1. Starting from the range 306-321, keep only residues that are within 7 Å of residue 70 (Cβ to Cβ), then list their pairs with residues that are part of a loop (DSSP other than H, G, I, E, B) and open to solvent by less than 10 Å² (accessible area, probe 1.4 Å) whose Cβ atoms are within a distance under 8 Å, requiring at least 6 positions of separation or different chains.
2. Out of all the residues in the range 195-250, which are in contact with a helix residue (DSSP H, G or I) (Cβ under 9 Å, 6 or more places away or on another chain), in contact (Cβ under 8 Å) with a residue 40 or more places away in the chain and away from ligand 2 (no atom under 16 Å from the Cβ)?
3. What single numbered condition from (1) touching a Leu at 6+ places or on another chain (Cβ under 6 Å); (2) surrounded by 23 or more Cβ atoms within 10 Å (Cβ to Cβ) fails to hold for residue 100?
4. Exactly one of these conditions fails for residue 299: (1) hydroxyl-bearing (Ser, Thr, Tyr); (2) more than 11 Å from ligand 1 (Cβ to nearest atom); (3) not assigned by TED's automatic domain parsing to the domain that holds residue 211. Give me its number.
5. Looking at the structure I just gave you, is residue 306 under 16 Å from the mean Cα position of the chain (by Cα), surrounded by fewer than 24 Cβ atoms within 10 Å (Cβ to Cβ) and closer than 24 Å to residue 255 by Cα?
6. Which of the residues that make up the range 149-167 are among the hydrophobic types (A, V, I, L, M, F, W, C) and either modelled with pLDDT under 95 or part of a loop (DSSP other than H, G, I, E, B) (or both)?
7. Would it be correct to say that residue 221 is within 16 Å of ligand 1 (Cβ to nearest atom), modelled with pLDDT under 95 and open to solvent by 40 Å² or more (accessible area, probe 1.4 Å)?
Amino acid sequence: MEFAPYAVGVLMGIGLVVWIAKRARQADQPTPSVPAVKREPAAASEPGQVATKAAEPVEDSQWRQRLSGGLTRTRGAFAGLGQLLQGEFTDELEEEIEDVLLSSDLGMAVTQKVIASLRAAVKDKGLKGDQIHAELRAQLSQILQPSQRQWTPGQGTQVVMMVGVNGAGKTTTLGKLAAKHKAAGRSVTIAAGDTFRAAAVEQLKAWGERAEVPVIAQDTGADSASVIFDALASARAKGVDILLADTAGRLQNKDHLMDELSKVVRVLKKQDPEAPHEVLLVLDAGTGQNALSQAELFTQAVGVTGLVLTKLDGTAKGGVAFAVAEQMGLPIRYVGVGEGIADLQPFDAEAFVAALFEQDNA
Ligand SMILES: Nc1nc2c(ncn2[C@@H]2O[C@H](COP(=O)(O)OP(=O)(O)OP(=O)(O)O)[C@@H](O)[C@H]2O)c(=O)[nH]1
Ligand SMILES: [Mg+2]
(Lines give C-alpha, C1' and ligand atoms only; values in the text may rest on other atoms or scores of the structure.)
(Ligands and ions follow the chains in the order given, each with its own letter.)
Protein backbone atom coordinates (compact mmCIF):
# COMPACT_ATOMS: atom_id res chain seq x y z
CA MET A 1 0.00 0.00 0.00
CA GLU A 2 2.70 2.39 0.93
CA PHE A 3 4.43 2.19 -2.42
CA ALA A 4 1.17 2.90 -4.32
CA PRO A 5 1.92 6.63 -4.80
CA TYR A 6 5.39 5.66 -6.04
CA ALA A 7 3.89 3.19 -8.58
CA VAL A 8 1.41 5.84 -9.79
CA GLY A 9 4.30 8.26 -10.23
CA VAL A 10 6.29 5.70 -12.27
CA LEU A 11 3.25 4.94 -14.50
CA MET A 12 2.62 8.64 -15.10
CA GLY A 13 6.30 9.06 -15.97
CA ILE A 14 6.18 6.21 -18.51
CA GLY A 15 2.97 7.66 -19.98
CA LEU A 16 4.64 11.06 -20.37
CA VAL A 17 7.72 9.56 -22.09
CA VAL A 18 5.50 7.58 -24.53
CA TRP A 19 3.44 10.73 -25.33
CA ILE A 20 6.57 12.82 -25.98
CA ALA A 21 8.05 10.08 -28.23
CA LYS A 22 4.78 9.89 -30.20
CA ARG A 23 4.69 13.67 -30.72
CA ALA A 24 8.31 13.62 -31.84
CA ARG A 25 7.53 10.94 -34.43
CA GLN A 26 4.54 12.92 -35.69
CA ALA A 27 6.72 16.01 -36.04
CA ASP A 28 9.03 14.05 -38.39
CA GLN A 29 6.17 13.20 -40.74
CA PRO A 30 5.19 15.65 -43.52
CA THR A 31 1.92 17.40 -42.74
CA PRO A 32 -0.60 15.46 -44.80
CA SER A 33 -2.82 18.47 -45.49
CA VAL A 34 -0.02 20.37 -47.34
CA PRO A 35 0.58 18.93 -50.83
CA ALA A 36 4.20 18.56 -52.02
CA VAL A 37 5.16 21.56 -54.14
CA LYS A 38 6.99 20.91 -57.39
CA ARG A 39 9.67 23.48 -58.13
CA GLU A 40 9.42 25.34 -61.41
CA PRO A 41 12.85 25.94 -62.92
CA ALA A 42 13.40 29.69 -62.98
CA ALA A 43 13.41 31.19 -66.45
CA ALA A 44 16.37 33.36 -67.31
CA SER A 45 16.34 35.19 -70.58
CA GLU A 46 18.67 38.07 -69.78
CA PRO A 47 22.39 37.41 -69.78
CA GLY A 48 22.91 39.01 -66.38
CA GLN A 49 20.02 37.26 -64.71
CA VAL A 50 20.91 34.38 -62.44
CA ALA A 51 18.30 31.66 -62.65
CA THR A 52 19.11 28.59 -60.59
CA LYS A 53 22.25 27.84 -58.66
CA ALA A 54 23.13 24.57 -60.32
CA ALA A 55 21.41 21.96 -62.46
CA GLU A 56 18.23 20.91 -60.74
CA PRO A 57 16.50 17.90 -62.16
CA VAL A 58 13.25 18.97 -63.76
CA GLU A 59 10.37 16.74 -62.77
CA ASP A 60 9.93 14.14 -65.47
CA SER A 61 6.30 15.10 -66.06
CA GLN A 62 7.22 18.79 -66.21
CA TRP A 63 9.49 18.62 -69.27
CA ARG A 64 7.06 16.26 -70.96
CA GLN A 65 4.39 18.88 -70.38
CA ARG A 66 6.60 21.60 -71.87
CA LEU A 67 7.34 19.46 -74.91
CA SER A 68 3.74 18.48 -75.23
CA GLY A 69 2.61 22.09 -74.78
CA GLY A 70 5.05 23.24 -77.46
CA LEU A 71 3.82 20.66 -79.92
CA THR A 72 0.15 21.46 -79.34
CA ARG A 73 -0.63 22.53 -82.89
CA THR A 74 0.95 19.48 -84.44
CA ARG A 75 -0.72 17.26 -81.89
CA GLY A 76 -4.06 18.80 -82.84
CA ALA A 77 -3.47 17.83 -86.46
CA PHE A 78 -2.38 14.31 -85.48
CA ALA A 79 -5.43 13.91 -83.26
CA GLY A 80 -7.60 14.96 -86.20
CA LEU A 81 -6.06 12.08 -88.13
CA GLY A 82 -7.31 9.71 -85.44
CA GLN A 83 -10.88 10.64 -86.36
CA LEU A 84 -10.22 10.41 -90.10
CA LEU A 85 -8.60 7.03 -89.74
CA GLN A 86 -11.82 5.49 -88.50
CA GLY A 87 -12.83 4.83 -92.11
CA GLU A 88 -11.30 2.97 -95.05
CA PHE A 89 -7.74 3.69 -96.20
CA THR A 90 -8.71 5.52 -99.39
CA ASP A 91 -6.67 7.76 -101.71
CA GLU A 92 -8.35 10.81 -100.14
CA LEU A 93 -7.31 9.63 -96.70
CA GLU A 94 -3.74 9.17 -97.94
CA GLU A 95 -3.79 12.78 -99.11
CA GLU A 96 -5.11 13.96 -95.76
CA ILE A 97 -2.31 12.13 -93.94
CA GLU A 98 0.20 13.56 -96.39
CA ASP A 99 -1.08 17.08 -95.67
CA VAL A 100 -0.79 16.63 -91.92
CA LEU A 101 2.74 15.24 -92.12
CA LEU A 102 3.93 17.93 -94.53
CA SER A 103 2.39 20.74 -92.50
CA SER A 104 4.13 19.34 -89.42
CA ASP A 105 7.55 19.86 -91.08
CA LEU A 106 8.36 16.22 -91.76
CA GLY A 107 9.40 17.12 -95.30
CA MET A 108 8.48 15.45 -98.58
CA ALA A 109 10.99 12.58 -98.50
CA VAL A 110 10.01 11.33 -95.02
CA THR A 111 6.30 11.91 -95.66
CA GLN A 112 6.38 9.83 -98.84
CA LYS A 113 8.25 7.07 -97.09
CA VAL A 114 5.81 6.99 -94.19
CA ILE A 115 2.78 6.94 -96.49
CA ALA A 116 4.26 4.12 -98.58
CA SER A 117 5.00 1.90 -95.59
CA LEU A 118 1.62 2.72 -94.05
CA ARG A 119 -0.14 1.74 -97.29
CA ALA A 120 1.84 -1.53 -97.41
CA ALA A 121 1.09 -2.32 -93.75
CA VAL A 122 -2.63 -1.62 -94.22
CA LYS A 123 -2.71 -3.99 -97.20
CA ASP A 124 -0.54 -6.75 -95.72
CA LYS A 125 -2.07 -6.81 -92.27
CA GLY A 126 -5.59 -5.71 -93.21
CA LEU A 127 -5.50 -2.81 -90.71
CA LYS A 128 -8.56 -0.69 -89.96
CA GLY A 129 -9.41 2.48 -87.98
CA ASP A 130 -7.44 2.67 -84.72
CA GLN A 131 -5.02 0.05 -85.98
CA ILE A 132 -3.96 2.38 -88.80
CA HIS A 133 -3.47 5.18 -86.30
CA ALA A 134 -1.35 2.90 -84.11
CA GLU A 135 0.64 1.79 -87.16
CA LEU A 136 1.36 5.42 -88.10
CA ARG A 137 2.56 6.09 -84.58
CA ALA A 138 4.79 3.00 -84.66
CA GLN A 139 6.27 4.03 -88.02
CA LEU A 140 7.12 7.51 -86.74
CA SER A 141 8.61 6.07 -83.60
CA GLN A 142 10.75 3.72 -85.71
CA ILE A 143 12.16 6.67 -87.65
CA LEU A 144 13.26 8.42 -84.45
CA GLN A 145 14.58 5.40 -82.51
CA PRO A 146 18.01 5.23 -84.23
CA SER A 147 18.57 8.91 -83.35
CA GLN A 148 18.28 8.29 -79.64
CA ARG A 149 21.98 7.89 -78.92
CA GLN A 150 23.88 9.68 -76.17
CA TRP A 151 27.52 10.68 -76.19
CA THR A 152 29.84 9.20 -73.58
CA PRO A 153 32.92 11.30 -72.82
CA GLY A 154 36.24 9.47 -73.20
CA GLN A 155 39.49 9.85 -71.24
CA GLY A 156 41.39 13.14 -71.08
CA THR A 157 40.01 16.62 -71.74
CA GLN A 158 37.04 16.28 -74.07
CA VAL A 159 36.15 19.19 -76.31
CA VAL A 160 32.46 19.79 -77.03
CA MET A 161 31.96 22.45 -79.68
CA MET A 162 28.67 24.26 -80.26
CA VAL A 163 27.87 25.31 -83.83
CA GLY A 164 24.80 26.62 -85.63
CA VAL A 165 23.10 29.58 -87.25
CA ASN A 166 22.50 32.86 -85.44
CA GLY A 167 20.14 32.70 -82.49
CA ALA A 168 19.59 28.93 -82.63
CA GLY A 169 20.34 28.57 -78.92
CA LYS A 170 24.04 27.58 -78.89
CA THR A 171 25.09 29.65 -75.88
CA THR A 172 21.99 28.80 -73.85
CA THR A 173 22.43 25.09 -74.58
CA LEU A 174 26.11 25.34 -73.67
CA GLY A 175 25.16 26.82 -70.28
CA LYS A 176 22.64 24.06 -69.65
CA LEU A 177 25.21 21.43 -70.68
CA ALA A 178 27.81 22.91 -68.33
CA ALA A 179 25.38 22.39 -65.46
CA LYS A 180 24.57 18.84 -66.61
CA HIS A 181 28.22 17.75 -66.84
CA LYS A 182 28.96 19.35 -63.51
CA ALA A 183 26.02 17.60 -61.88
CA ALA A 184 27.43 14.34 -63.32
CA GLY A 185 30.61 14.99 -61.33
CA ARG A 186 32.81 16.19 -64.20
CA SER A 187 35.07 19.23 -64.09
CA VAL A 188 34.05 21.73 -66.75
CA THR A 189 35.55 24.83 -68.38
CA ILE A 190 33.90 27.09 -70.95
CA ALA A 191 35.77 28.66 -73.89
CA ALA A 192 34.25 31.90 -75.19
CA GLY A 193 34.81 31.17 -78.86
CA ASP A 194 32.20 33.69 -80.03
CA THR A 195 34.51 36.65 -80.39
CA PHE A 196 32.25 38.30 -82.94
CA ARG A 197 29.35 39.67 -80.92
CA ALA A 198 30.19 42.22 -78.23
CA ALA A 199 27.66 40.86 -75.73
CA ALA A 200 28.58 37.21 -76.33
CA VAL A 201 31.28 37.00 -73.65
CA GLU A 202 29.03 38.65 -71.04
CA GLN A 203 26.22 36.24 -71.86
CA LEU A 204 28.58 33.30 -71.51
CA LYS A 205 30.03 34.58 -68.23
CA ALA A 206 26.51 34.81 -66.82
CA TRP A 207 25.97 31.16 -67.76
CA GLY A 208 29.34 30.30 -66.22
CA GLU A 209 28.15 31.87 -62.95
CA ARG A 210 24.85 30.02 -63.05
CA ALA A 211 26.52 26.69 -63.65
CA GLU A 212 29.44 27.61 -61.36
CA VAL A 213 31.95 26.85 -64.09
CA PRO A 214 35.00 28.97 -65.11
CA VAL A 215 34.91 30.82 -68.43
CA ILE A 216 38.07 31.47 -70.47
CA ALA A 217 37.59 34.55 -72.65
CA GLN A 218 39.62 37.07 -74.63
CA ASP A 219 38.64 40.40 -76.11
CA THR A 220 35.94 40.79 -78.73
CA GLY A 221 37.57 40.59 -82.16
CA ALA A 222 40.19 38.05 -81.05
CA ASP A 223 40.69 35.03 -83.28
CA SER A 224 38.13 32.41 -82.31
CA ALA A 225 40.42 29.47 -83.15
CA SER A 226 43.21 30.80 -80.93
CA VAL A 227 40.81 31.48 -78.01
CA ILE A 228 39.59 27.88 -78.12
CA PHE A 229 43.13 26.53 -78.72
CA ASP A 230 44.50 28.40 -75.67
CA ALA A 231 41.51 27.33 -73.57
CA LEU A 232 42.19 23.69 -74.51
CA ALA A 233 45.87 24.01 -73.53
CA SER A 234 44.84 25.45 -70.16
CA ALA A 235 42.09 22.84 -69.62
CA ARG A 236 44.47 19.99 -70.46
CA ALA A 237 47.12 21.36 -68.11
CA LYS A 238 44.55 21.44 -65.32
CA GLY A 239 43.15 18.01 -66.11
CA VAL A 240 39.67 19.40 -66.82
CA ASP A 241 37.23 16.74 -68.04
CA ILE A 242 35.04 18.79 -70.40
CA LEU A 243 35.84 21.94 -72.37
CA LEU A 244 32.66 23.47 -73.79
CA ALA A 245 33.49 25.76 -76.71
CA ASP A 246 30.97 28.34 -77.87
CA THR A 247 31.20 29.73 -81.41
CA ALA A 248 29.56 32.64 -83.19
CA GLY A 249 26.35 32.02 -85.11
CA ARG A 250 26.73 31.87 -88.89
CA LEU A 251 24.65 31.07 -91.92
CA GLN A 252 25.57 27.72 -93.40
CA ASN A 253 25.87 29.16 -96.92
CA LYS A 254 28.44 31.83 -96.03
CA ASP A 255 31.58 30.05 -97.14
CA HIS A 256 34.12 32.35 -95.49
CA LEU A 257 32.37 31.99 -92.12
CA MET A 258 32.20 28.22 -92.51
CA ASP A 259 35.94 28.21 -93.37
CA GLU A 260 36.59 30.03 -90.12
CA LEU A 261 34.81 27.24 -88.26
CA SER A 262 36.81 24.56 -90.11
CA LYS A 263 39.93 26.42 -89.01
CA VAL A 264 38.90 26.05 -85.34
CA VAL A 265 38.73 22.28 -85.81
CA ARG A 266 42.03 22.15 -87.74
CA VAL A 267 43.83 24.11 -85.07
CA LEU A 268 42.42 22.02 -82.21
CA LYS A 269 43.66 18.84 -83.92
CA LYS A 270 47.24 20.10 -83.67
CA GLN A 271 46.91 19.76 -79.91
CA ASP A 272 44.73 16.65 -79.83
CA PRO A 273 44.02 14.76 -83.07
CA GLU A 274 40.76 13.50 -81.55
CA ALA A 275 39.45 17.01 -80.77
CA PRO A 276 36.74 18.20 -80.97
CA HIS A 277 35.29 15.03 -79.50
CA GLU A 278 31.71 16.15 -79.91
CA VAL A 279 30.41 18.78 -82.34
CA LEU A 280 26.85 19.74 -81.50
CA LEU A 281 24.78 21.42 -84.18
CA VAL A 282 22.11 23.43 -82.40
CA LEU A 283 18.93 23.65 -84.45
CA ASP A 284 15.98 25.89 -83.71
CA ALA A 285 13.17 23.34 -84.12
CA GLY A 286 11.05 26.08 -85.67
CA THR A 287 13.32 26.45 -88.71
CA GLY A 288 11.54 23.71 -90.64
CA GLN A 289 13.20 22.15 -93.65
CA ASN A 290 16.12 24.61 -93.63
CA ALA A 291 17.43 22.47 -90.76
CA LEU A 292 18.39 19.84 -93.32
CA SER A 293 20.60 22.22 -95.23
CA GLN A 294 22.12 23.39 -91.94
CA ALA A 295 22.85 19.80 -90.93
CA GLU A 296 24.40 19.01 -94.30
CA LEU A 297 26.65 22.07 -94.60
CA PHE A 298 27.79 22.20 -90.96
CA THR A 299 28.61 18.47 -91.20
CA GLN A 300 30.71 19.12 -94.31
CA ALA A 301 32.59 21.95 -92.58
CA VAL A 302 33.16 20.59 -89.08
CA GLY A 303 31.91 16.99 -88.90
CA VAL A 304 28.82 17.37 -86.74
CA THR A 305 28.48 14.42 -84.32
CA GLY A 306 25.15 15.26 -82.71
CA LEU A 307 22.13 17.55 -82.81
CA VAL A 308 20.25 19.59 -80.24
CA LEU A 309 16.71 20.68 -81.09
CA THR A 310 15.84 23.84 -79.21
CA LYS A 311 12.67 25.83 -78.51
CA LEU A 312 10.40 22.82 -78.57
CA ASP A 313 8.42 24.54 -75.82
CA GLY A 314 7.52 27.26 -78.33
CA THR A 315 5.69 27.13 -81.62
CA ALA A 316 7.91 24.55 -83.33
CA LYS A 317 6.03 21.82 -85.11
CA GLY A 318 8.57 19.14 -84.26
CA GLY A 319 8.44 17.34 -87.60
CA VAL A 320 11.97 18.49 -88.34
CA ALA A 321 13.19 15.84 -85.87
CA PHE A 322 11.94 13.14 -88.25
CA ALA A 323 13.47 14.83 -91.26
CA VAL A 324 16.95 15.14 -89.73
CA ALA A 325 16.77 11.66 -88.17
CA GLU A 326 15.77 9.99 -91.41
CA GLN A 327 17.85 11.95 -93.87
CA MET A 328 20.99 12.82 -91.95
CA GLY A 329 21.25 9.76 -89.70
CA LEU A 330 22.65 12.03 -86.98
CA PRO A 331 21.88 11.37 -83.33
CA ILE A 332 19.63 13.89 -81.61
CA ARG A 333 21.35 14.28 -78.25
CA TYR A 334 19.05 16.75 -76.50
CA VAL A 335 15.87 18.77 -76.77
CA GLY A 336 15.59 22.30 -75.37
CA VAL A 337 12.25 22.99 -73.70
CA GLY A 338 12.80 26.44 -72.15
CA GLU A 339 15.29 29.13 -71.24
CA GLY A 340 16.14 27.92 -67.74
CA ILE A 341 19.28 26.03 -66.78
CA ALA A 342 17.47 22.71 -66.33
CA ASP A 343 15.40 22.95 -69.52
CA LEU A 344 17.50 20.52 -71.54
CA GLN A 345 16.50 16.88 -71.77
CA PRO A 346 18.17 13.88 -73.39
CA PHE A 347 16.27 13.05 -76.55
CA ASP A 348 13.67 10.35 -75.96
CA ALA A 349 12.07 9.07 -79.19
CA GLU A 350 9.07 7.48 -77.47
CA ALA A 351 8.32 10.59 -75.40
CA PHE A 352 8.61 12.75 -78.50
CA VAL A 353 6.10 10.69 -80.47
CA ALA A 354 3.85 10.47 -77.41
CA ALA A 355 3.86 14.29 -77.20
CA LEU A 356 2.48 14.36 -80.75
CA PHE A 357 -0.17 11.70 -80.31
CA GLU A 358 -1.36 11.74 -76.74
CA GLN A 359 -4.21 14.13 -76.08
CA ASP A 360 -4.19 13.93 -72.34
CA ASN A 361 -0.57 14.65 -71.49
CA ALA A 362 -0.70 18.35 -72.45
N1 LIG B 1 11.82 29.04 -75.26
C2 LIG B 1 13.08 28.69 -75.48
N3 LIG B 1 14.00 29.64 -75.74
C4 LIG B 1 15.27 29.25 -75.96
C5 LIG B 1 15.65 27.89 -75.94
N6 LIG B 1 16.98 27.83 -76.21
C7 LIG B 1 17.39 29.10 -76.39
N8 LIG B 1 16.37 29.97 -76.26
C9 LIG B 1 16.38 31.44 -76.39
O10 LIG B 1 16.75 31.77 -77.72
C11 LIG B 1 17.47 33.00 -77.72
C12 LIG B 1 18.82 32.81 -78.44
O13 LIG B 1 19.60 31.94 -77.68
P14 LIG B 1 21.20 31.96 -77.68
O15 LIG B 1 21.65 30.85 -76.82
O16 LIG B 1 21.72 33.31 -77.40
O17 LIG B 1 21.45 31.59 -79.21
P18 LIG B 1 22.84 31.53 -79.96
O19 LIG B 1 22.73 30.44 -80.95
O20 LIG B 1 23.96 31.44 -78.99
O21 LIG B 1 22.85 32.95 -80.70
P22 LIG B 1 24.11 33.68 -81.43
O23 LIG B 1 25.28 33.50 -80.55
O24 LIG B 1 23.67 35.10 -81.55
O25 LIG B 1 24.24 33.02 -82.75
C26 LIG B 1 17.63 33.42 -76.28
O27 LIG B 1 16.64 34.34 -75.95
C28 LIG B 1 17.40 32.10 -75.51
O29 LIG B 1 16.92 32.32 -74.21
C30 LIG B 1 14.64 26.88 -75.67
O31 LIG B 1 14.85 25.67 -75.65
N32 LIG B 1 13.38 27.35 -75.45
MG1 LIG C 1 25.64 32.59 -78.77
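The values are calculated or read from the model by the stated rules, or taken from the named source; none is laboratory data. As the structure is a prediction and not an experimental result, all values here were calculated from the model. FYI the Cβ positions are ideal-geometry reconstructions off the backbone, even for glycines, and counts take in every protein chain you see. Only protein heavy atoms, including side chains, enter the accessible area calculation; ligands, DNA and RNA are left aside. Shrake-Rupley method; radii C 1.70, N 1.55, O 1.52, S 1.80 Å.
1. That search, which allows pairs on different chains as well, returns 312/71; 312/318; 312/337; 313/337; 313/343; 316/71.
2. Selection gives 212, 225, 226, 229, 232, 236, 240, 241, 242, 243.
3. Single failed check for residue 100: (2).
4. Only one criterion is unmet by residue 299, namely (3).
5. So residue 306 fits the description; yes.
6. Listed by number, the residues that qualify are 151, 165.
7. So residue 221 passes the test.
Here's the yes/no breakdown for (1) under 28 Å from residue 333 (Cα atoms); (2) surrounded by 14 or more Cβ atoms within 10 Å (Cβ to Cβ); (3) among the small types (Gly, Ala, Ser):
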residue	(1), (2), (3)
92	no, no, no
104	yes, yes, yes
108	yes, no, no
116	no, no, yes
130	no, no, no
135	yes, yes, no
139	yes, yes, no
147	yes, yes, yes
